[in-house]
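S.K.: Pasting a structure below so you can have a look.
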Amino acid sequence: MPVIYNEYKGYCIPKSRHDVSEPTEQSTTIYTDGFDHFNWGSIDEEHQRSYDKSYEESGEDSDSGSQSDMYADESKIALNHTGSTNDDHSDTDTISKKGKLSKKEIRDMKRRARGKPKGKRVVETNKSKKKAKKSKDDDPNPNKLIILNRLYKDTIAQFGAKKVREDAKILQFFDISLYKDDIDNLKDDEWLSDNNNISFIYEYLERYQLSKFDKLVTQSIQLIRPSLVFMIALSDEPHLLRTQGVIPQLDNAKFIFLPVNDNFDPENVGGGLHWSLVVISILDETAYVFDTLGHSNEREAKRVISNMEKYYGKNTTFEVKIMDTPQQINGSDCGIMVVQITAFLLARLLKLNYLKDHYVDFELKNVEISAISGRIFTLGTLLNLIKHKKEITSPL
């Protein structure tokens, strides 16, 4: 992508290809949870704290409500994951691999799941069932599942009740309301919801990453919430969304992240079976499509892209590029992987010193994403916010 960052102009197209160098091609595989390429350390300059992995050695999934040795000291506002997981190759069965499912298996997975409510498990093919079972029972690093389960128990334990209502409000995070069933969605093999889970991560990244930069950056990068993407997808006159000021923040955008769902039924806002990601680069008039399940959402992605062209008008057209994307190994990790890919690409955009001399790189050919690590990050962050929130809406 021939886009660089200039400290005076912001993101821009260089005058000459000789002005900057091409990003060096990665020869080694990057293993990531999607969030570990950010600089979390500057969140709390007075007293740095980070996630403590020492308890992973216990190897036990205790039912005890006491998790006092699970964490190091924590930030007052956000969980600070300072350690990199790039050198952690041990969870190979929970790391998404490319090309795990054939086109027929993808069609079967979506067909069998049709009619299943979002937030519930997808009925998987035999092959994907075996793979999912292997990842749980024979994973060379089963501690990740233990960590996730402990985080879930500790989160629920914050409210002092053995059983919490599904519709109980857990946390108000700026404009995002989180409920008990949103916490349930972060457990292994569950679907993320749109307006809560995905929107929470987008809000979190804006508050604790984008907000650290000046307006040249914050106005250039827009993380669009799923509800607005749904509105864009369904609109018969997308240009009115702009002229009527429904989505005015896109006027100065250079990069637009749009989580796309395969549900376009206006009477079933919570429907849909699969999430993918579209990233539009206004500067080079290109729409990048990232799909963790082959080409499952290609039709839906192109519809959103088409409506974004109409949104901008003036004969706007975007070249569509289907990107080589890490693939999920089950029918439930699409949502968490969409936010992980969002975070990973956003981190690249925010490496401004690097982008002064190199092009923006959105390639994921050598990137492997651990979905369960993404769930751990998200749930751990939520737990930390709940523990340090001054006022929490009681679910009791």
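The values are calculated or read from the model by the stated rules, or taken from the named source; none is laboratory data. Since the structure is predicted, the reported quantities are computational estimates derived from the model, not experimental observations. All Cβ positions, even for glycine, are placed from backbone atoms using ideal geometry, and neighbour counts span all protein chains on display. We work out accessible area using only protein heavy atoms, side chains counted, and drop any ligands, DNA or RNA first. Shrake-Rupley method; radii C 1.70, N 1.55, O 1.52, S 1.80 Å.
S.K.: Output the residues belonging to segment 292-308 that are surrounded by 19 or more Cβ atoms within 10 Å (Cβ to Cβ) and over 14 Å from TRP275 (Cα atoms).
M.R.: ILE305, ASN307, MET308 - these are the residues of segment 292-308 that are surrounded by 19 or more Cβ atoms within 10 Å (Cβ to Cβ) and over 14 Å from TRP275 (Cα atoms).
S.K.: Would you pick out the residues in segment 337-358 that are closer than 16 Å to THR378 by Cα and of a type in the set (Ser, Thr, Tyr)?
M.R.: Result: THR342, single match.
S.K.: Now a separate question. Could you list, in sequence order, the residues of segment 374-386 that are open to solvent by 10 Å² or more (accessible area, probe 1.4 Å) and more than 12 Å from PHE173 (Cβ to Cβ)?
M.R.: Matches in segment 374-386: ILE376 only.
S.K.: Looking at segment 327-339, can you tell me whether even one residue there is open to solvent by 20 Å² or more (accessible area, probe 1.4 Å) and either under 21 Å from the mean Cα position of the chain (by Cα) or of a type outside the set (Gly, Ala, Ser) (or both)?
M.R.: yes
S.K.: I've got another one for you. Any residue in segment 193-206 that is outside any helix (DSSP H, G or I) and either within 18 Å of ILE256 (Cβ to Cβ) or in contact (Cβ under 8 Å) with a residue 24 or more places away in the chain (or both)?
M.R.: For segment 193-206, residues outside any helix (DSSP H, G or I) and either within 18 Å of ILE256 (Cβ to Cβ) or in contact (Cβ under 8 Å) with a residue 24 or more places away in the chain (or both): present.
S.K.: Against the conditions (1) touching a strand residue (DSSP E or B) at 6+ places or on another chain (Cβ under 8 Å); (2) more than 25 Å from ILE372 (Cα to Cα), where does ARG242 fall short? Just the number, please.
M.R.: Status for ARG242: all satisfied but (1).
S.K.: How many residues are under 17 Å from ALA253 (Cβ atoms) and among the small types (Gly, Ala, Ser) when one looks only at segment 208-233?
M.R.: 2
S.K.: Inspect segment 225-244 for any residue being of a type in the set (Asp, Glu) and without any contact (Cβ under 8 Å) to a residue 12 or more places away in the chain and give the result as yes or no.
M.R.: There is at least one residue in segment 225-244 that is of a type in the set (Asp, Glu) and without any contact (Cβ under 8 Å) to a residue 12 or more places away in the chain.
S.K.: Out of segment 340-371, which residues are farther than 16 Å from MET323 by Cβ, more than 14 Å from the chain's Cα centre (by Cα) and among the polar types (S, T, N, Q)?
M.R.: ASN353 - this is the single residue of segment 340-371 that is farther than 16 Å from MET323 by Cβ, more than 14 Å from the chain's Cα centre (by Cα) and among the polar types (S, T, N, Q).
S.K.: I want to confirm something. Restricting to segment 309-326 and keeping residues that are open to solvent by 30 Å² or more (accessible area, probe 1.4 Å) and within 25 Å of the chain's Cα centre (by Cα), which single residue is farthest from GLY34 (Cα to Cα)?
M.R.: The selected residue is GLU309.
S.K.: Do you know which residues across segment 157-192 are of a type outside the set (D, E, K, R), at pLDDT 85 or above and open to solvent by 20 Å² or more (accessible area, probe 1.4 Å)?
M.R.: Scanning segment 157-192 gives ALA157, GLN158, GLN172, PHE174, SER177, TYR179.
S.K.: Among the residues of segment 239-260, which ones are open to solvent by less than 20 Å² (accessible area, probe 1.4 Å) and modelled with pLDDT of 90 or more?
M.R.: Result: ALA253, PHE255, ILE256, PHE257, LEU258, PRO259, VAL260.
S.K.: Under the condition of being free of Cβ contacts under 8 Å to residues at least 40 places away in the same chain and outside any loop (DSSP other than H, G, I, E, B), which residue from segment 211-224 is nearest to PHE174 (Cα to Cα)?
M.R.: SER211
S.K.: Acidic (Asp, Glu) and within 17 Å of LEU234 (Cβ to Cβ) - does that describe any residue in segment 328-336?
M.R.: No, because not a single residue in segment 328-336 is acidic (Asp, Glu) and within 17 Å of LEU234 (Cβ to Cβ).
S.K.: Quick one: in segment 216-231, which of the residues that are in contact with a strand residue (DSSP E or B) (Cβ under 9 Å, 6 or more places away or on another chain) and of a type in the set (S, T, N, Q) is nearest to LEU349 (Cα to Cα)?
M.R.: SER220
S.K.: Considering each of SER220, SER227 in turn, give the residue that is closer than 19 Å to THR316 by Cα and either among the polar types (S, T, N, Q) or within 15 Å of the chain's Cα centre (by Cα) (or both).
M.R.: Just one listed residue meets the conditions, SER220.
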